[in-house]
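Scroll down for the structure; my scribbles are underneath it.
Only the coordinates and a few stated rules stand behind these numbers; no lab work does. These numbers come from a predicted model, not from an experiment. Cβ sites come from the backbone with ideal geometry, for glycine too, and all protein chains shown count toward neighbours.
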Amino acid sequence: MIANPLVSVRTLTKSYGHKVVLNRISLDIAEGEVVALIGPSGSGKSTLLRCMNHLERQDSGCVLVAGEPVGYSLKNGELHELPDRALSYQRRGIGMVFQGFNLFQHMTALENIIEGPIGVLKLPRAEVEEKARHLLDLVGLADWADHYPSQLSGGQQQRIAIARALAMRPRVMLFDEPTSALDPELVGDVLEVMRTLAGEGMTMIVVTHEIGFAREVCDRVVFMADGEIVEQGEPGQVLSAPVHERTRDFLRRIL
Amino acid sequence: MEIERSSVFSQPALKQNARLAAGPNVPDDAPLVPRRRPWMPVAAAACVAVLAFALWKLLENPVVDQDVILEYLFKDVTLRGVGVTLFLTTVSMAAGLAGAVVLAMMHLSDNSVLSGIARLYTWLFRGTPILVQLIFWGYLGIFIPELSLSLPGIGTIFSVPTAQVVTPMVAAMLALSLNEAAYSAEIVRSGILSVPRGQVEAARSVGMTRFRTFRRVVMPQAIRVIIPPMGNEVILMLKTTSLVSVIAGADLMTNLQHVYSQTFQVIPLLIVASIWYLFMVSILTIPQSWLERRFGQSLARSQPRRRKSRSSDSKAGKPALSDKRG
Ligand SMILES: Nc1ncnc2c1ncn2[C@@H]1O[C@H](COP(=O)(O)OP(=O)(O)OP(=O)(O)O)[C@@H](O)[C@H]1O
Ligand SMILES: [Mg+2]
């Protein structure tokens, strides 16, 4: 049990039609913790992640970030869905990196990064640009500020996308298979950036098939199947000596 | 027999080719003679001949009085008509586009009533001839003689004869912009749909509101898809304004019709009108291509916006803080 979790998922349930995608998921994540979320395709990893910033609406249960229910406010013991503005305000604190990068195609790398801080946080441009250049440096793309996404490789785009999320100074970063769409030789650069982030104490939840990354960088590995958490624990334990047959099965198949 | 010998791709021939490999009987610098297409110049010559004949027939025809054409080309009545045509086009296009954005958003909304209304509107205004719609607005006063607002208990707040408010000009603008909204709505909608869902999700995840997402992320990308068919719409609109002559709209076409109904110089005046329409359409293509270039910028793969040497590629390969590994 974590005394003061930064992220707390509580009996989260979500179905599409008759298919239960998340079945009463509960999960606590401490500040600074790096959690790998693994599991077979269709097990509900993306859905869980998307519920964490209310891109998806759950059927029941809730997600708390820093004690606040995401997408809802508590009134008389009921959770009322937040209006657009308040929800947007909450999302500032929750960074998200997508499998398909989703960089704004009509903006340069730098513009992608500063769009949020200037347009949403209303910070002064000069300050934001300086911070953005620092972030570009961090992800190793200092010289690519004025390139459009279509002029960048997948790996470069994903690193810009990470910088864009970081520019909002989020308290937690969600990664949904950040390297799955990349050519193998580009995966390393992105994982390198994520490793750096983890080293700096960022709270991260990473859906990934990169078992090596999970083993070396993550504090905890959570294995999901069929909308439930089957098993979780230290990477060494879950990945090397899994208790459950399903985990063993899954690991055998992807390794 | 002939065919068998020349068929290079028949199986035996292929095998033979493979055996010969570098083909010893083809000289290294054999001159290449392009295939000739002798009938192309013939076709071109025929076209030119037909065109020249048509032009000559037109110019030598006594009905096509060049003096009349020149006289009316810059006459006051013509120029005023051109002004009205341009005004009608601009206003109707702008109002139509604004309506189109609203309609497209209604159509795409989750609310089935809103999207149903948008669909009904499009169905109605695209399904009836613009001529009918023009006449309808032009003769609105016939079945709604008075425009009035009266509240129970307070009485009549105002009341004016419809014909005073809905002048031919207003009727023309109403008809054209309402009709345009229906057509452009489909264009705007397809533009919005062309922006991948992930763009919206990314915008939302950095804390943008729905409205901001639409304005900063969706619209700028949708515009690229919207501009080319919209350019077409503007050109269509410019020419459709000529239909307002049925409700005495005072545009270029109406004015010239008035003239030739008295002077009977139908053909020369129609040529004057055509020259002006052609001129205006030609001018309109300039802003269109400018806009296309302006919004297509980020799609050009070749060059970054500000030129940068590509030598930085190798340096950019590794993240700067990679020494923090561990
Ligand atoms: N919008 C949707 N409508 C209907 N079903 C959906 C929708 N999104 C996801 N699903 C279903 O929910 C289940 C879980 O999907 P989810 O994307 O969370 O899985 P995942 O664990 O991320 O899988 P993957 O590894 O393939 O990304 C899948 O069976 C999927 O088909
Ligand atoms: Mg997924």
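Kirkwood's formula applied to the C-alpha pairs of the protein assembly as shown gives a hydrodynamic radius of 30.1 angstrom.
Averaged over peptide A:79-88, the number of partner chain Cβ atoms lying within 10 Å of each residue's Cβ comes to 3.
Residues B:V63, A:V238, B:V165, B:V195, ranked from the fewest to the most other C-beta atoms within 10 Å, line up as B:V63, B:V165, B:V195, A:V238. Per-residue shielding of A:137-147, expressed as the average number of other chain Cβ atoms within 10 Å of the residue Cβ, stands at 5.
Residues whose amide H falls under 5 Å from that of A:E231, counting only those 5 or more places apart or on a different chain, are A:F223, with hydrogens built in the peptide plane. Set against the 2.2 N^0.38 Å expectation for a compact globular protein, the range A:7-254 has a Cα radius of gyration ratio of 1.02.
Close amide-amide hydrogen proximity is noted between A:E68 and no other residue 5 or more places distant or on a separate chain, at a cut-off under 5 Å (H modeled in the peptide plane; Pro and chain starts excluded).
Going from the fewest other Cβ atoms within 10 Å to the most, the residues B:L134, B:L55, B:L236 appear in the order B:L55, B:L236, B:L134. Each of B:L108, A:L152, A:L174 was scored by other Cβ atoms within 10 Å of its Cβ. Arranged with the fewest first, they read B:L108, A:L152, A:L174.
Of the trypsin sites (Lys or Arg not before Pro) found in the range A:105-210, those in coil by DSSP whose Cβ has at most 12 other Cβ atoms within 10 Å are A:K122. Here the range B:38-188 yields Rg over Rh of 1.20, to two decimals, using C-alpha coordinates and the Kirkwood radius.
Rounded to the nearest whole Hz, the Karplus-based 3J(HN,Hα) values (6.51 cos²θ - 1.76 cosθ + 1.60, θ = phi - 60°) of the range B:239-245 follow the sequence 7, 5, 4, 5, 6, 5, 4, with x at glycine and proline.
Over all orientations, the range A:154-239 has a Cα convex hull whose mean projected area works out to 5.9 square nanometres.
With one equal scatterer per alpha carbon and no solvent term, the Debye-computed log10 I(q)/I(0) for the range A:33-140 at 0.12, 0.21, 0.22 1/Å reads -0.57, -1.23, -1.26.
Dimensions of the range B:59-128 along the principal axes, based on C-alpha atoms and rounded to the nearest Å, stand at 63, 23, 14, largest first. Near A:H106, no amide H atom lies under 5 Å from its own; only residues 5 or more places off or on other chains count, and H is placed 1.01 Å from N. Taking the charge dipole of the range B:42-148 about its Cα centre, with +1 at Lys and Arg Cβ atoms and -1 at Asp and Glu Cβ atoms, the residue from B:G83, B:L97, B:V64 reaching farthest to the positive side is B:L97.
Distance from the Cα centroid of the range A:10-31 to that of the range A:158-212 is 23 Å (rounded to whole angstrom). Dividing the C-alpha radius of gyration of the range B:73-304 by 2.2 N^0.38 Å, with N its residue count, gives 1.23. 3J(HN,Hα) couplings calculated from phi for the range B:137-147 with the Karplus curve 6.51 cos²θ - 1.76 cosθ + 1.60 (θ = phi - 60°) are, in sequence order, 5, x, 10, 3, x, 5, 9, 10, x, 10, 9 Hz; Gly and Pro show x. Backbone phi angles across the range A:147-162, fed through the Karplus curve with coefficients 6.51, -1.76 and 1.60 (θ = phi - 60°), yield HN-Hα couplings of 8, 7, x, 5, 9, 10, 6, x, x, 5, 4, 5, 5, 5, 4, 5 Hz in residue order; Gly and Pro are listed as x.
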